[in-house]
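Read the structure below first, then the notes.
The values are calculated or read from the model by the stated rules, or taken from the named source; none is laboratory data. Given the structure is predicted, the values throughout are model-derived calculations rather than measurements. No Cβ is skipped: glycine too gets one built from the backbone with ideal geometry, and neighbour counts run over all protein chains shown.
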């Protein structure tokens, strides 16, 4: 059982015990509901915090994605976990352990090459040694203080350590060097770090505000699906930027949630459903409200399924055929009965 799941069960059990205690003490039913709602929200926050400790992240390197000519990330590859499948094909951590040993032999002669150091730091991190990877990235930064990929990689490493201020400082420097690179993914990374900072200061913050606060009203004012809205001053390539960010942090539930909201609003309903499911699976601040919303959303999305639509058409045609066939037979039978009655009266 994962740490997050363990604490979720513990806190849920505590909620039940508190509810029983409140009833024994004669608290009002409305008061019980308020307490339980607060505790459910607290559970969501704690689970999100604990889940974020096990962050899966990508770095700029020749092994993952290049800072020179990165490929546009396909959202479907993320939704269907194709990128994770590629990592498994490599052989997991053992592959990176072997690569780290190989690069360690070249290290004495290539330690002045920032690109080599970034690769060496990355495989060192992927083989399970974050602290040594940090040392190598810091060494690369001393050699080339304005190297974009070194700044971003070191910022991501600080992110994983929970050093959000240091990470924001490095990313701010990097985004000045290459603004809107990868559809603004690093600018969005800064927004994610600011979101995490506020969550640390106030665990209930993520139940009130989304990763992008400008989208919070669109969620709070939602009705039954589909949730369509017009948001002003959003970046042109925001959906692709969030996709690029999720390639770096595929377990960021709050990022998945915001992307799902935008996909739903742009009528990309099936991908929105998959993204909402990712948000629930990885844990997001809106998990409690999203659980209720998803029941309606799944029903709405399935009602638009072409297979279901064609099935309903065939069913409707079949019922109409039955009605016409048996209706004609019934009408003929009724007419014969009426004719018999007339003949009987005439006699």
**OP:** Filter segment 147-173 down to residues that are at pLDDT 95 or above, farther than 18 Å from residue 114 by Cα, part of a helix (DSSP H, G or I) and out of contact with any helix residue (DSSP H, G or I) (no Cβ under 6 Å at 6 or more places or on another chain), then give me how many there are.
**Re:** 3
Original post:
residue 188 versus (1) under 17 Å from the mean Cα position of the chain (by Cα); (2) closer than 29 Å to residue 296 by Cα; (3) assigned to a helix (DSSP H, G or I): which is the lone unmet condition?
Top reply: (2)
Original post:
Would you pick out the residues in segment 113-128 that are touching a residue at least 24 places away in the same chain (Cβ under 8 Å) and part of a helix (DSSP H, G or I)?
Top reply: 114, 115, 117, 118, 119, 121, 122, 123, 124, 125, 126
**OP:** Would you mind telling me which numbered condition in (1) outside any loop (DSSP other than H, G, I, E, B); (2) in contact with a helix residue (DSSP H, G or I) (Cβ under 9 Å, 6 or more places away or on another chain) residue 234 fails?
**Re:** (1)
Original post:
Say we look at segment 290-347 and pick out the residues that are outside any helix (DSSP H, G or I) and closer than 30 Å to residue 278 by Cα; which of these is modelled with the highest pLDDT?
Top reply: 304
Subject >> Index of the failed condition, residue 194 passing every other in (1) surrounded by fewer than 17 Cβ atoms within 10 Å (Cβ to Cβ); (2) without any contact (Cβ under 8 Å) to a residue 24 or more places away in the chain >> reply: (2)
